[in-house]
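Comments concern the structure below.
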Amino acid sequence: MDQSNSARMFDARILVPAIGDAFRKLDPRSLARNPVMFVVAVVSALTTVLLLRDLLTGAERTGFSVQVVAWLWFTVLFANFAEAVAEGRGKAQAESLRRTRSETQAKLLSEGGDFRIVPGNSLKPGDVVLVEPGDIIPSDGEVIAGVASVNEAAITGESAPVIRESGGDRSAVTGGTQVLSDWIKVRITAAAGSTFIDKMIALVEGAERQKAPNEIALNILLAGMTLIFVLAVVTIPSFAGYAGGQVPVIVLVALFVTLIPTTIGALLSAIGIAGMDRLVRFNVLAMSGRAVEAAGDVDTLLLDKTGTITLGNRQAAEFRPLRGITELELADAAQLASLADETPEGRSITVLAKEKYGIRGRDMASLNAQFVPFTAQTRISGVDVDGSSIRKGAVEAVLRQLDPTIRQDTRELQRIADDIAKQGGTPLAVVRDGRLLGVIYLKDIVKGGIRERFAELRRMGIRTVMITGDNPMTAAAIAAEAGVDDFLAQATPEMKLDLIRQEQAKGKLVAMCGDGTNDAPALAQADVGVAMNTGTVAAREAGNMVDLDSDPTKLIEVVEIGKQLLMTRGALTTFSIANDIAKYFAIIPAMFLAFYPQLSGLNVMGLASPESAILSAIIFNALIIVALIPLSLQGVKYRAIGAGALLSRNLLVYGLGGILVPFAGIKFIDMAISAMGLV
Amino acid sequence: MTINGWVQILIFLGIAVALIRPLGGYITRVMTGERTLLSPVLLPVEQILYRAAGTDRDREQHWTDYMAAMLMFSVVGFGLLYAIQRLQGGLPLNPAGMGAVEPTSAFNTAISFMTNTNWQGYVGEATMSYLTQMSGLTVQNFVSAAVGMAGAMAIIRGFARADSRTVGNFWVDLTRATLYVLLPICILGSLLLVWQGVPQNLGAYTVATTLEGGQQTIAQGPVASQMMIKHLGTNGGGFFNANAAHPFENPTALTNLIHLVSIFSVSLAMLNVFGRMVGNPRQGWALLGVIGVIVLVGIVAVYWAEGAGNPALGLAGGNMEGKETRFGIALSSLFAVVTTSASTGAVSGMHDSMMPLGGLVPLFFMMIPPLGGIGAGVYGVLIYAIVSVFIAGLMVGRTPEYLGKKIEGREVKMAILAMLGPSAAVLILTALAVAIPAGLSSLQDAGPHGFTEALYAFTSAANNNGSAFAGISANTPFYNITLGLAMLAGRFLLIIPVLAIAGALAAKKTVPASAGTLPTTGPLFIGLVIGITLIVGGLTFFPALALGPVVEHLAMTLGQTF
């Protein structure tokens, strides 16, 4: 991912249009969104007018002024360029989205049941359309009848088709996706122009970007610092006048622009756009910048057990025979009963029998076996082979359907089943020709590496809570194995909502993900609610993020991306402010040298001349923006090493670095421009 | 620098640090309304005061009401003090027969004492009657300090509380701070000073015949009672023009120590109160660490600069110009640092005569708010802690939090305003003063030193310090008015945003700390706040400092003087 990022960052297809955009963004209306850069643009315009006046009146030594003015404009252009590059990366994505939204035809159903062809963009919410194989779903909606496999590659990039059906938690369909097989009737839920894809396009283009709370606070700080430096600079002429000297306006402007936090001011919006973009690349859509920031602040993470902490499906871990039956016998029967069972659980039984007991998979056809499928009534499945019947199923279902004429002890089976439940597993009873053989231990498999992830989250200061419908005993066993901090057993949607409210009352921010309609209230209540793309319309609308891959584990990465966004802002702010020290040492002695030559003692960098010192500072100030564009787009790397260690590390790099780098940078530029004879 | 000098400095520091905890504990109990040793005596008095004023002790105020009460109290205090000065000629307790104080000087002085600045444009013993000194200036010495403490209590409660609409009751805070904290300590301290020879009488000035046969008028009066609160309340306005360099204000080594210790005592203890009230004394110690490190560096720098003297003169023994030989270089340097870092402004020597770097430190210390007086020091350092947490806190990947309070747009805005107000007053008014004849004519020296005199005056006023560099003739209408405005800006453009922050913080939830929370107690945090203070505070004034003490110092190293 990092590699593709850097490859795309220096992609000419993004960089070339960004240069044009940098000029287009000189429009005052667009500059006004950024107080620091707006101020720079205003003083640049002002000095340009003064320069023109000097040129017309034929003043002396305008060469220096021309260069300063040019670099002032470069400062503004570089800031625009940074924003344009960040937006450009989103635009490339929006372009591919737009292609999928190309003109579609819809089959609008009338009351009578027949349809007529209408343009897709004429549909209104409430219309019902028929979508058949090969058709593009014309707009967002909910499946009200039928079931179909749908290719959602247009929005997820994932080519494997997904099932969409009426009722249940997989009823939402997205405009622009394509039905591959069967048919569905869809009730349209979004008006033209406000569909999911429209929202995505707007989001990745940054068109609808609103400033997030932290960004607003940071802008206030930057505006405040700008004001402080206005005061520091406008009082200089009077101070200098007292000493019997004069400071040219161009030099004052140069000092002012280098002092105000232009670095962070220029990159702030690029950082925000890039943060959104990182999420999008991660196939997560944040509906607002606020949500991304909130992700960085999350204190409590609610995670559903199934699919997040454990693999979606349980796996056979052990065969536990009754007394008098060998494990091999039980394994053999269990495998036969599962041969035609295509569920993941069934397959895992076959695999376990093969791996542990060397029983090779057999072919149904060659055995001449008859498959007895699982039904909701019997809750049992199995095979009839060679005149014997083998069945497996939930323990109480099997016991209920036992032939009462065969006398046997069921207590032992019950005991084994209870044992398994206590260990966090699910027991399946196996029976052959009415005789109980034993129990298959289906285990919830905790995902590999998840324990480490939780340990990492703990180091980040985030508490994890596992949500499960299991009984408390089973839940406790799995919670201990996975290493979560807490669990909520036999959870109902109401309990989930209560838990979120309790945490929030303690001042904590809560993140969760969900897909079902009954998750919607909790998703809306949570500070960060990630809805699965496979989920219902209600869930998607309640959340403030949508995960296109429907992978609940991603919540953890979402948190990291949020943290990264905040860190990048903080790091560049610190860097920007720390830079000022060197700039003062460059400009102040140069500025006052004419009447206080003693101040050359402050020229610690040994810069060649007052003009080259001032010019070097302003060139450094402009170039550092460009130099930091990659960092602002990629973000400062987050490490789960605890806040204290992280702070000292970042302070060292961006604080101390911010103090030292400009000393070296300005000196180097000074040597370069002196060698080139520019001043 | 001598060993003897350092021993004296360390004795002072030892006592100052040792007092922090007991005094902090006592003030916490007082300000939270718990019973203390003095309650049996003072509680009835307190209740009578509330009944007389119609104050309901248990009814707390929203920050805007708290602010309104504070503003009202200040305006009335200003009016009274102005009236007393103007009318003193016809009022009793005026054995020296002082006439009405000139209007702009009275305006300046009334603001000065009401804002806890105690800048003195006038010559005390030649201007003010005993009534003015006692009922005007000394009263304001008490209550302006108590107002500062009240402001500090409001913001401390802002951090300590959660989901609260109120930040305390201004009248109760004012009463308790005065009655339980300032008065008892001052009564005790004044007696000690009288014992050491500080006058406390209402007699007329004594006319003595000197050995040469000349006549000398020896000024005196109720000095001891004003001396104690002058330092304890970080006021700094002397009874005499020479301030603590005057033998009647500061006769012995012991009184010098009492003065120094009382300057730091309540100011520093207030940060201990902060730590106790937010439930973690280490939070208070961290902020004390910030102040401690800056002050220590300052003491070393000034002592070094004064001890080295001017190389151009080639004299051994350092710079003794403008210093009392009784106190010497070590204690004079210490006094200069303590008085400017706790916003007191009392002096035991003339800062104008210090070396350029020796004068730079007191000047710079007044510029940076973390070093502030009683109460103001608390909110000054908290403002910088908030800004530091906001800038660096983002670097740990969370919305910045300080003591469980999220630092958001509103807090940042108010913190910036609090930083901006006093700085703007210093820079704009200094720029005005050095550009027009009315300002320039008062400066005693030419060149950068004269510039420093003006810069120092406005810095002192706008940061409510009151320290005088001397060398400037400030009792002119221009300086009386401009310095008065600077003092108003320094007091209210700081305390109003602070109360707004207090209100905003009190209303917020307190987020429990976790491994992801920025730690705000260790050396890292202390270093961070110091760094932000020096960079943000220092960069604001870098050009001005460069044209004042810095260029003067660089010139001195080249053998030039102005």
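Give segment A:485-543 a look and list any residue that's polar (S, T, N, Q), assigned to a helix (DSSP H, G or I) and under 24 Å from A:Asp470 (Cα atoms), or say none.
A:Gln502, A:Thr517, A:Asn518, A:Gln525
Scan the helices (runs of 4 or more DSSP H) fully inside segment A:205-281 and keep the ones with 2 or more residues being in contact (Cβ under 8 Å) with a residue 60 or more places away in the chain, over 29 Å from B:Leu432 (Cα atoms) and in contact with a strand residue (DSSP E or B) (Cβ under 7 Å, 6 or more places away or on another chain).
A:262-281
Go through (1) in a helix (DSSP H, G or I); (2) more than 12 Å from every other protein chain (Cβ to nearest Cβ); (3) of a type in the set (Phe, Trp, Tyr) for B:Phe451 and report which single condition fails.
(2)
Among what's in segment B:144-177 and is farther than 16 Å from B:Val273 by Cβ and in contact with a Ser or Thr (Cβ under 6 Å, 6 or more places away or on another chain), pick the residue that is least open to solvent (accessible area, probe 1.4 Å).
Within segment B:144-177, the match that is least open to solvent (accessible area, probe 1.4 Å) is B:Ala162.
Can you tell me which of B:Val273, B:Val302 is of a type in the set (Val, Ile, Thr), modelled with pLDDT of 95 or more and crowded, with 22+ Cβ neighbours inside 10 Å?
Unique residue meeting the criteria: B:Val273.
Within segment A:292-343, how many residues turn out to be among the β-branched types (Val, Ile, Thr), in a strand (DSSP E or B) and more than 14 Å from chain B (Cβ to nearest Cβ)?
To start, the set of residues in segment A:292-343 that are among the β-branched types (Val, Ile, Thr) comprises A:292, A:298, A:300, A:306, A:308-310, A:325-326, A:343.
From the residues that got through so far, the ones that are in a strand (DSSP E or B) too are A:300, A:306, A:310.
Next, from what is left, pick out any that are more than 14 Å from chain B (Cβ to nearest Cβ): A:306, A:310.
Number satisfying all stated conditions: 2.
Looking only at segment A:225-241, which residues are surrounded by fewer than 21 Cβ atoms within 10 Å (Cβ to Cβ), facing chain B (nearest Cβ under 7 Å) and closer than 19 Å to A:Ile581 by Cα?
Hits for segment A:225-241 are A:Leu227, A:Leu231.
Could you list, in sequence order, all residues of segment B:499-521 that are facing chain A (nearest Cβ under 7 Å) and either within 17 Å of B:Pro281 (Cα to Cα) or touching a residue at least 40 places away in the same chain (Cβ under 8 Å) (or both)?
B:Lys509, B:Thr510, B:Val511, B:Pro512, B:Gly516, B:Thr517, B:Leu518, B:Pro519
Suppose we filter B:Leu182, B:Leu211, B:Leu257, B:Leu193 for residues that are open to solvent by 20 Å² or more (accessible area, probe 1.4 Å) and not in a loop (DSSP other than H, G, I, E, B); which single one remains?
B:Leu257
Going through segment B:196-208 one residue at a time, which ones are out of contact with any strand residue (DSSP E or B) (no Cβ under 9 Å at 6 or more places or on another chain) and open to solvent by less than 50 Å² (accessible area, probe 1.4 Å)?
B:Gln196, B:Gly197, B:Val198, B:Gly203
Tell me the residue from B:Gly349, B:Gly359, B:Gly372 that is within 16 Å of the chain's Cα centre (by Cα) and crowded, with 24+ Cβ neighbours inside 10 Å, please.
B:Gly372
Filter segment A:530-569 for residues that are more than 14 Å from the chain's Cα centre (by Cα) and hydroxyl-bearing (Ser, Thr, Tyr); which is nearest to the other protein chains (Cβ to nearest Cβ)?
Of everything passing the filter in segment A:530-569, A:Thr568 is nearest to the other protein chains (Cβ to nearest Cβ).
Look through segment B:385-399, keep the residues that are closer than 17 Å to A:Asn219 by Cβ and touching a Leu at 6+ places or on another chain (Cβ under 6 Å), and return whichever of them is nearest to the other protein chains (Cβ to nearest Cβ).
Residues of segment B:385-399 that are closer than 17 Å to A:Asn219 by Cβ, as a first pass: B:386-387, B:390-391, B:393-394, B:399.
Narrowing further to those that are touching a Leu at 6+ places or on another chain (Cβ under 6 Å): B:393-394.
On the way: B:Gly393: 7, B:Leu394: 3 Å.
Among them, the one singled out is B:Leu394.
Filter segment B:50-64 down to residues that are touching a residue at least 60 places away in the same chain (Cβ under 8 Å) and part of a helix (DSSP H, G or I) and give me whichever is least open to solvent (accessible area, probe 1.4 Å).
Among those residues, the one meeting the criterion is B:Tyr50.
Which one is surrounded by the fewest Cβ atoms within 10 Å (Cβ to Cβ) among residues in segment B:418-439 that are among the aliphatic types (A, V, I, L, M), more than 8 Å from chain A (Cβ to nearest Cβ) and part of a helix (DSSP H, G or I)? Write out each step before concluding.
As a first pass, look at segment B:418-439 and keep what is among the aliphatic types (A, V, I, L, M): B:418-420, B:424-429, B:431-436, B:438.
Adding the requirement that they be more than 8 Å from chain A (Cβ to nearest Cβ) leaves B:418, B:425-426, B:429, B:433, B:436, B:438.
Right, trim to part of a helix (DSSP H, G or I) and you get B:418, B:425-426, B:429, B:433, B:438.
Numbers: B:Ala418: 26, B:Ala425: 25, B:Val426: 29, B:Leu429: 25, B:Ala433: 26, B:Ala438: 15.
Looking at residues that are among the aliphatic types (A, V, I, L, M), more than 8 Å from chain A (Cβ to nearest Cβ) and part of a helix (DSSP H, G or I), I get B:Ala438.
Among helices (runs of 4 or more DSSP H) lying entirely in segment A:381-471, which contain 2 or more residues that are within 14 Å of chain B (Cβ to nearest Cβ), out of contact with any Pro (no Cβ under 7 Å at 6 or more places or on another chain) and in contact (Cβ under 8 Å) with a residue 24 or more places away in the chain?
Passing ranges, in order: A:450-460.
Tell me, which residue of segment B:400-417 that is hydrophobic (A, V, I, L, M, F, W, C) and either at the interface with another protein chain (Cβ under 7 Å from one of its Cβ atoms) or assigned to a loop (DSSP other than H, G, I, E, B) (or both) is farthest from A:Gly296 (Cα to Cα)?
Step one: list which residues in segment B:400-417 are hydrophobic (A, V, I, L, M, F, W, C), which gives B:403, B:407, B:412, B:414-417.
Going one step further and asking which of them are either at the interface with another protein chain (Cβ under 7 Å from one of its Cβ atoms) or assigned to a loop (DSSP other than H, G, I, E, B) (or both), we end up with B:403, B:407, B:412, B:416.
Numbers: B:Leu403: 18, B:Ile407: 15, B:Val412: 20, B:Ile416: 25 Å.
Looking at the filtered set, the residue picked out is B:Ile416.
Restricting to segment B:539-560, what's the tally of residues that are more than 7 Å from chain A (Cβ to nearest Cβ) and open to solvent by less than 10 Å² (accessible area, probe 1.4 Å)?
Within segment B:539-560, residues that are more than 7 Å from chain A (Cβ to nearest Cβ) and open to solvent by less than 10 Å² (accessible area, probe 1.4 Å) number 3.
Of the conditions (1) over 19 Å from B:Thr217 (Cβ atoms); (2) free of Cβ contacts under 8 Å to residues at least 40 places away in the same chain, B:Thr127 satisfies every one except a single condition; which number is it?
(1) is the only condition that B:Thr127 fails.
Each row is one residue, and each column tells you yes or no for (1) over 14 Å from A:Glu541 (Cβ atoms); (2) open to solvent by 20 Å² or more (accessible area, probe 1.4 Å); (3) at pLDDT 80 or above; (4) among the β-branched types (Val, Ile, Thr).
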{"residue": "A:Gly168", "(1), (2), (3), (4)": "yes, yes, no, no"}
{"residue": "A:Thr177", "(1), (2), (3), (4)": "yes, no, yes, yes"}
{"residue": "A:Leu180", "(1), (2), (3), (4)": "yes, yes, yes, no"}
{"residue": "A:Ile188", "(1), (2), (3), (4)": "yes, no, yes, yes"}
{"residue": "A:Thr195", "(1), (2), (3), (4)": "no, no, no, yes"}
{"residue": "A:Ile201", "(1), (2), (3), (4)": "yes, no, no, yes"}
{"residue": "A:Glu205", "(1), (2), (3), (4)": "yes, yes, no, no"}
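Which of (1) touching a residue at least 24 places away in the same chain (Cβ under 8 Å); (2) surrounded by fewer than 22 Cβ atoms within 10 Å (Cβ to Cβ); (3) within 21 Å of B:Leu371 (Cα to Cα) does B:Val297 not meet, given it meets every other one?
Looking at each condition in turn, B:Val297 falls short on (1).
Answer yes if at least one residue in segment B:173-182 is farther than 17 Å from B:Phe73 by Cα and more than 18 Å from the chain's Cα centre (by Cα), and no otherwise.
yes
The values are calculated or read from the model by the stated rules, or taken from the named source; none is laboratory data. Not measured: the values here are computed from a predicted model. Note that we place each Cβ from the backbone using ideal geometry, even for glycine, and neighbour counts take in every protein chain shown. Please note that ligands, DNA and RNA were not included when accessible areas were found on the heavy atoms of the full protein model with its side chains. Shrake-Rupley method; radii C 1.70, N 1.55, O 1.52, S 1.80 Å.
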